[in-house]
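Visitor: Quick one: this structure, given as structure tokens, is what I'll be asking you about.
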Amino acid sequence: MKLILTQEVTGLGAPGDVIEVRDGYGRNYLLPQGLAILATRGAEKQIATIRRARDVRGVRDLGQARALAAQLGGLTVRLGTRVGSSGRLFGSVTAADVVDAVEAAGGPKLDRRRVELTSPIKTAGTHTVSVRLHPEVAATVPVEVVSL
């Protein structure tokens, strides 16, 4: 299935890119979420518009993304949650929890879809979380999970 991305999708591409994906992935996830539109002959004008908008935003956002990465790098994020006697959490820390903790620590408002957890955080202690701010800029945020 040929689609045109309307938003950035990690691992697939940026807005305006024409991609080829499996029918089920496109029909059941990308199209209903509004992340892509069907690639048709008439969609070429839309591709040009999306790419032009991306290029205009890209120059401005790259500098802003670098500034946000510097701000996030110097931030100390503490996340309080319920912890068992052995140091394991009841449940796990999600991307939404990390976003809320960054905001509570005085950091910028982030989109939870930009937070990349390589593995679920299920233990107390200090963990490093990656945040993709721009296709070229990623920031690492140290998150300290403590008991309530």
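Visitor: Please name all residue pairs, on different chains or six or more residues apart, with Cβ atoms under 8 Å, provided the first residue is in region 69-84 and is in contact (Cβ under 8 Å) with a residue 12 or more places away in the chain and the second residue is part of a loop (DSSP other than H, G, I, E, B) and exposed (fewer than 11 other Cβ atoms within 10 Å of the Cβ).
Guide: L75/G106; G80/L148; T81/L148; R82/L148; V83/L148
Visitor: Also, I was wondering about something else. From (1) within 30 Å of I121 (Cβ to Cβ); (2) at pLDDT below 85; (3) buried (at least 17 other Cβ atoms within 10 Å of the Cβ), pick out the condition that doesn't hold for V77.
Guide: Just one mismatch for V77, condition (2).
Visitor: Which residue out of I47, I4 is at negative phi and at pLDDT below 85?
Guide: Numbers: I4 fails: at pLDDT below 85.
Answer to the check: I47.
Visitor: So which pairs qualify, if the first residue must be in region 87-99 and surrounded by 15 or more Cβ atoms within 10 Å (Cβ to Cβ), the second must be of a type in the set (A, V, I, L, M, F, W, C) and assigned to a helix (DSSP H, G or I), the Cβ gap must be under 9 Å, and the two must be at least 6 apart or on different chains?
Guide: Here the result reads V93/A101, each pair linking region 87-99 to a residue that is of a type in the set (A, V, I, L, M, F, W, C) and assigned to a helix (DSSP H, G or I).
Visitor: For R54, state whether it is under 22 Å from the mean Cα position of the chain (by Cα), touching a residue at least 12 places away in the same chain (Cβ under 8 Å) and outside any helix (DSSP H, G or I). Before the answer, list the steps.
Guide: Details: under 22 Å from the mean Cα position of the chain (by Cα): yes; touching a residue at least 12 places away in the same chain (Cβ under 8 Å): yes; outside any helix (DSSP H, G or I): no.
So R54 does not fit the description; no.
Visitor: While we're on this one: Within region 104-125, how many residues turn out to be more than 23 Å from Q64 (Cβ to Cβ) and loosely packed, with under 12 Cβ neighbours inside 10 Å? Don't jump to the end; show me each part of the working.
Guide: Step one: of region 104-125, the residues more than 23 Å from Q64 (Cβ to Cβ) are 117-125.
Cutting the leftovers down to loosely packed, with under 12 Cβ neighbours inside 10 Å gives us 118-120, 125.
Total meeting the criteria: 4.
The values are calculated or read from the model by the stated rules, or taken from the named source; none is laboratory data. From a predicted model like this one, the values you see are computed outputs, not experimental measurements. Here the Cβ is made from the backbone with ideal geometry for all residues, glycine too, and neighbour counts use every protein chain on show.
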